[in-house]
Each structure stands twice: as structure tokens, then as C-alpha cells.
Amino acid sequence: MSMRLKGYLSTCISVCLTLFGLSVITFFIGRVMPTDPVLAAVGDNAPESVVERVRHEMGLDQPLWMQFLHYLNQLAHGDLGRSALTSNLVTSDIARYFPATLELATAAIIIAALVGIPLGVWAATRQGSWIDQTIRVVCLAGHSLPVFVLALLSLLIFYSALGIAPGPGRQDIIYQDMIPQVTGLLTVDSLLAGDTGAFWDALAHMVQPVLILAYFSMAYITRMTRTFMLNALGGEYIITARAKGLSASRVIWKHAFPTVGVQLITVLALTYAGLLEGAVVTENVFSWPGLGQYLTVSLMNADMNPVIGSTLLIGAIYVLLNLFADLLYRLLDPRVK
């Protein structure tokens, strides 16, 4: 068995063990929470007989190890339980709310990468200059300011004071429920339906939350790109390339950046996963009907099945994106065995 194949096998085993550990953690989160899932389902004033019947139906009167085996069996069949708040299956609720979060995160990571990577390269090639210092200050502000502060300031200035941006929500009321859901991505579904008015309205509502998430992510991507580029530009092969009389742009983009690009794969993958998870605050400020708002509302109402299901999904996304980045890293970098 080749070293590369052994590496892939080891990575897959590690991922499986991580997902199993994640399922254990989410199971015990649901059991140690002070809220009673039975009372959340039937209400505090339900008769004792009803409480006991529902507890039996939910399997919560069984030993803990039997509950865990039942939980694993449910996960294997894609069953995350039912939400007491919406009365829907958690899987159907997640399928409804997650595309809104995916739309925000995808647009944000694209903008963050397109802006952050060139800025990081620019800062590294101008180390110590006013350009480098300015970029570092901008990135420090973006990485330090709380997202909810930026979101509230954005609404206050551009929506309330200037009136040049739409208000909270994903769409104006005149377009709500008018576009057939195909992908769940409102901009895509609007184009598929041929409704340009709904498309531009959806795009306008995305601008503020997307730019805030992109700014936060861009700050991190820029800092990492700058660090990677500084290390690359100090390499002996770069000194040799410059000694041969190659142009500065050729040295940067043909020799230094390819090594940085491989390292940035992991940074972008984990940043994207962080956006899918970290959009919780942004979604609540902008009343964005995504997974973050669904998770928050469920938690506030002690509806644990959606909380556990959403946590499991976010954890699985982190693990799978990390696996994807690791496999891509191995393919692109021949030095990695």
C-alpha cells in the first residue's frame, strides 16, 4: 500500500472517529441540558399521565445506553427527531432554512477571497510601508470588532439614517412566497423563475449581511496570506529567481504564490465553515431566516431536537470541509505523503 493511500485511509478513519465523537457530544448535550424535552413538547401544564406517555414514546424512560443506541440508529436513518416548536421533522426544517445561510456564506467567502488574497500579497510585498500598515489596521479592525456591532451600525446608517438599503429580512413583502423553491437559494430561484424584480430585491437584501460577513472573513484571510507570502518571499528559490533577473510580478505570482495557494486551501475551507456557523448573530440582527435564526429560536424555546440537529450539521460541515481541504492539499502538494 502506497504512502499516499495510507494517508487517505488514515484521514478517512480520523473523520469517522471525529463524527462519532460529535454524535456522542450532541447526544449528551441533549441529556444534560436543564430543560426537559418532554415538557417542551407537551407544555408545563400537561397532566402527569400525558407527560409519562410522551416520555415513553420518546424513549426517555429507557437506560441511557439504550437511548444512545436508539439515537445512533436514528442518525443512521437520517432522522433528527421532530421540532416541538414547528411540529415538523428537524431534517425538513433544516432543508428549508439552511439554503438561506448557505447563500450568505457562499457570497461572503467569494468576496472575502477575491479581496483578501490580493490584499495579503500586496501587504507582504510592501512590508513595513504605509500600505502594509494601513492594510494591517483595516484587518485588525475587521477581526476585532464584534459582528453584531457592525451589523447594527450598518442598519442604523444605511437603512435608518440614509435610507439607501432595504430593511431586515430576506425579501420585501410583495415578493414573499411568490418564487417557487427549487434550490432554496433565493437569487438562483428568482432567475430560474424569470422574475428579475425578485432577483434584484433578493440581491439588495443580501448586500449588508454579506459584506459584513465578508469583511470579517477578509480580515483573517488577508492576515494569513500576508504571513504565508512573507515566508515564501524569504525562501532561497525566490532569491535565486530574483538573481536571474525575473520581473517582480513573475517572482510573486509564478514562484511564490503557488506555494501560498496550497496553504490557503485549508484557510479558505475553515473560514467557509466558520461562516456557515458564525452567521448566527448576523442572521438574528438582519432577521435572516436561515439556520442561525432557526437555531437561536429553538434554543430560546428549549426545543432541543433542532438545537442538536443544527449543532450536528455544523460540526459535520467543519469535519467534511477540513477533510476536503486535506485531500486537496495532498493532491496539489507532491511533498505531502
*Out of (1) in contact (Cβ under 8 Å) with a residue 60 or more places away in the chain; (2) not in a loop (DSSP other than H, G, I, E, B), what's the single condition that is false for Tyr71?*
(1)
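Evaluate the following for Gly169: is it open to solvent by less than 40 Å² (accessible area, probe 1.4 Å), on the phi > 0 side of the Ramachandran plot and out of contact with any Phe, Trp or Tyr (no Cβ under 6 Å at 6 or more places or on another chain)?
yes
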*Is it the case that region 221-230 has a residue that's at pLDDT below 80 and either out of contact with any helix residue (DSSP H, G or I) (no Cβ under 8 Å at 6 or more places or on another chain) or farther than 30 Å from Gln171 by Cα (or both)?*
no
*Can you confirm whether region 155-164 contains a residue that is β-branched (Val, Ile, Thr) and surrounded by 15 or more Cβ atoms within 10 Å (Cβ to Cβ)?*
no
_Number of the condition not met by Gly81 [criteria: (1) surrounded by fewer than 17 Cβ atoms within 10 Å (Cβ to Cβ); (2) on the phi > 0 side of the Ramachandran plot; (3) touching a helix residue (DSSP H, G or I) at 6+ places or on another chain (Cβ under 6 Å)]_ = (1)
*Enumerate the helices (runs of 4 or more DSSP H) found wholly within region 223-337, keeping only those where 3 or more residues are in contact (Cβ under 8 Å) with a residue 24 or more places away in the chain and open to solvent by less than 20 Å² (accessible area, probe 1.4 Å).*
257-285, 291-300, 304-332
*Going by the structure shown, is Leu264 under 29 Å from Leu153 (Cβ atoms), in the same structural domain as Ala107 (by the TED database), under 21 Å from the mean Cα position of the chain (by Cα) and of a type in the set (A, V, I, L, M, F, W, C)?*
no
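Okay, residues lined up against (1) at pLDDT 85 or above; (2) more than 22 Å from the chain's Cα centre (by Cα); (3) aromatic (Phe, Trp, Tyr):
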| site | (1), (2), (3) |
| --- | --- |
| Leu104 | yes, no, no |
| Ala112 | yes, no, no |
| Ile117 | yes, no, no |
| Trp130 | yes, yes, yes |
| Leu153 | yes, yes, no |
| Phe158 | yes, yes, yes |
| Gly169 | no, no, no |
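Can you confirm whether region 117-126 contains a residue that is of a type in the set (A, V, I, L, M, F, W, C) and under 30 Å from Val182 (Cβ atoms)?
Scanning region 117-126 turns up no residue that is of a type in the set (A, V, I, L, M, F, W, C) and under 30 Å from Val182 (Cβ atoms).
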*Please specify each residue of region 103-132 satisfying the condition of being under 26 Å from Leu270 (Cα atoms) and either among the polar types (S, T, N, Q) or surrounded by fewer than 20 Cβ atoms within 10 Å (Cβ to Cβ) (or both).*
Thr106, Ile110, Ile111, Leu114, Val115, Pro118, Trp122, Thr125, Asp132
*For Ser49, state whether it is open to solvent by less than 40 Å² (accessible area, probe 1.4 Å), small (Gly, Ala, Ser) and either within 14 Å of Leu295 (Cα to Cα) or modelled with pLDDT under 80 (or both).*
no
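The values are calculated or read from the model by the stated rules, or taken from the named source; none is laboratory data. Just so it is clear, the structure is predicted and the values come from calculations on it, not from any experiment. Counting neighbours? That spans all protein chains shown, and the Cβs are built from the backbone with ideal geometry, glycine included. With ligands, DNA and RNA removed, areas are computed over all heavy atoms of the protein, side chains included. Shrake-Rupley method; radii C 1.70, N 1.55, O 1.52, S 1.80 Å.
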